[in-house]
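The structure appears right after this line, and notes come after that.
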Amino acid sequence: MQSSSAGNRFVPRLLLSPAVATLLLWMLVPLGMTLYFSAIRYNLMSPELTGFVGWANYEFFVTNPAFTDAVLNTLVLLGSTVFITVAFGLAIAMLINDPFPGQSFVRILLISPFFVMPTVNALLWKHMMMNPIYGVLAQVWTFFGLEPVNWLQDLPLFSVILMLSWQWMPFACLIFITSLQSMDREQLEASDLDGATYLQKFRYLYLPHMARAITVVIMIEVIFLLSVFAEIFTTTNGGPGTQSTNLAYLIYNEALVNFDVGSASAGAMFAIILANIVAFFLIRIVGKNLD
């Protein structure tokens, strides 16, 4: 019996081993190469200069004048976008939760921005919405007798936050609508009979019920927003100066503008460490909400 049980466990593991090995190679080989390049001198403009440099690339990347701005911009962009998408996504989901004429059509319109590619999203906002001459926002400002704002020049980071919020809000809204559909209708009816106000129902019924959905939305958005690049590259190129430079764009700048692969690899390792720190706290928060 014991040998039969061991054989039953061995066969599934044997069948899974190719997929597991492929997955490990897919993750570990790029990570190992990045770690290797971060410890050597490797600049594409001077390929003859090589050799082990230890922590020099890390020191060079961290002491880069743009490093502090990049970290702060990454955190501001991350926090602002998550806050806007969760707050407005929750408000919109509550607004369209009850049946009304054309509800299905409105939901499709709300979800559609999430399927727009990041580069297309950036170009749409850059030319159609934020252009200071013929953009929609410029026309609105002019209509009210105000001076049009050059968004990408005067408010670059805020402009990127608006683009990302517009794209990610439908995702949050979709998750929240799905969560609202599973609300206990008997509890809501009982609260109406007890004379509870809308704010009281929102505080004591809706929010506790949607805690898991909110946590999942925050976790998924943080994972993706830590590596935002296309919107910044397409619209502001990290500028003016470093006003909209985040870690992903700074790493790109080191690798494909300055051709310093060693410094860029050190920056990538720093980004991995930062992402894992954020993930650690997020997993703890998610775990508490899912218990």
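The values are calculated or read from the model by the stated rules, or taken from the named source; none is laboratory data. Worth saying up front: this structure is predicted, and the values here are computed from it rather than measured. Methodologically, a virtual Cβ is constructed for each residue, glycine included, from the backbone with ideal geometry; neighbour enumeration extends over all protein chains shown.
Could you identify the single residue in Val120, Val116 that is within 30 Å of Leu72 (Cβ to Cβ) and within 16 Å of the chain's Cα centre (by Cα)? Steps first, please.
Details: Val120 fails: within 16 Å of the chain's Cα centre (by Cα).
On inspection, the qualifying residue turns out to be Val116.
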Failed item, numbered, when Ala213 is tested on (1) touching a residue at least 24 places away in the same chain (Cβ under 8 Å); (2) surrounded by fewer than 18 Cβ atoms within 10 Å (Cβ to Cβ); (3) under 18 Å from the mean Cα position of the chain (by Cα) = (2)
Positions within region 29-50 being farther than 15 Å from Phe259 by Cβ, among the aliphatic types (A, V, I, L, M) and either surrounded by fewer than 14 Cβ atoms within 10 Å (Cβ to Cβ) or over 25 Å from the mean Cα position of the chain (by Cα) (or both), in sequence order = Val29, Leu31, Met33, Ala39
Any chance you could count how many residues in region 23-59 are touching a Gly at 6+ places or on another chain (Cβ under 9 Å) and among the polar types (S, T, N, Q)?
-> 3
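Looking at the structure I just gave you, is Ile232 crowded, with 19+ Cβ neighbours inside 10 Å, in a helix (DSSP H, G or I), free of Cβ contacts under 8 Å to residues at least 24 places away in the same chain and not small (Gly, Ala, Ser)?
Numbers: crowded, with 19+ Cβ neighbours inside 10 Å: yes; in a helix (DSSP H, G or I): yes; free of Cβ contacts under 8 Å to residues at least 24 places away in the same chain: no; not small (Gly, Ala, Ser): yes.
When the stated conditions are applied, Ile232 does not pass them.
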Candidates Leu250, Leu256, Leu274, Leu205 - the one that is out of contact with any Lys or Arg (no Cβ under 7 Å at 6 or more places or on another chain), crowded, with 16+ Cβ neighbours inside 10 Å and either closer than 30 Å to Phe37 by Cβ or of a type in the set (D, E, K, R) (or both) | Leu250
In region 62-83, is there at least one residue being outside any helix (DSSP H, G or I), surrounded by 15 or more Cβ atoms within 10 Å (Cβ to Cβ), modelled with pLDDT under 95 and in contact with a Ser or Thr (Cβ under 7 Å, 6 or more places away or on another chain)?
-> yes
Residues in region 84-111 that are assigned to a helix (DSSP H, G or I) and either touching a residue at least 40 places away in the same chain (Cβ under 8 Å) or in contact with a Gly (Cβ under 6 Å, 6 or more places away or on another chain) (or both) total 12
Please specify each residue of region 42-61 satisfying the condition of being farther than 13 Å from Met269 by Cα and either part of a loop (DSSP other than H, G, I, E, B) or among the hydroxyl-bearing types (Ser, Thr, Tyr) (or both).
-> Tyr42, Leu44, Met45, Ser46, Pro47, Glu48, Leu49, Thr50, Gly51, Val53, Gly54
Among (1) crowded, with 19+ Cβ neighbours inside 10 Å; (2) at pLDDT below 85, where does Lys126 come up short?
-> (2)
If you go through region 86-109 one residue at a time, how many are within 20 Å of the chain's Cα centre (by Cα) and more than 15 Å from Ser179 (Cβ to Cβ)?
-> 2
If we keep only residues of region 151-191 that are more than 22 Å from the chain's Cα centre (by Cα) and under 22 Å from Val228 (Cα atoms), then the residue surrounded by the fewest Cβ atoms within 10 Å (Cβ to Cβ) is Asp154
Checking Phe114 against (1) assigned to a helix (DSSP H, G or I); (2) without any contact (Cβ under 8 Å) to a residue 24 or more places away in the chain, which single condition isn't satisfied?
-> (2)
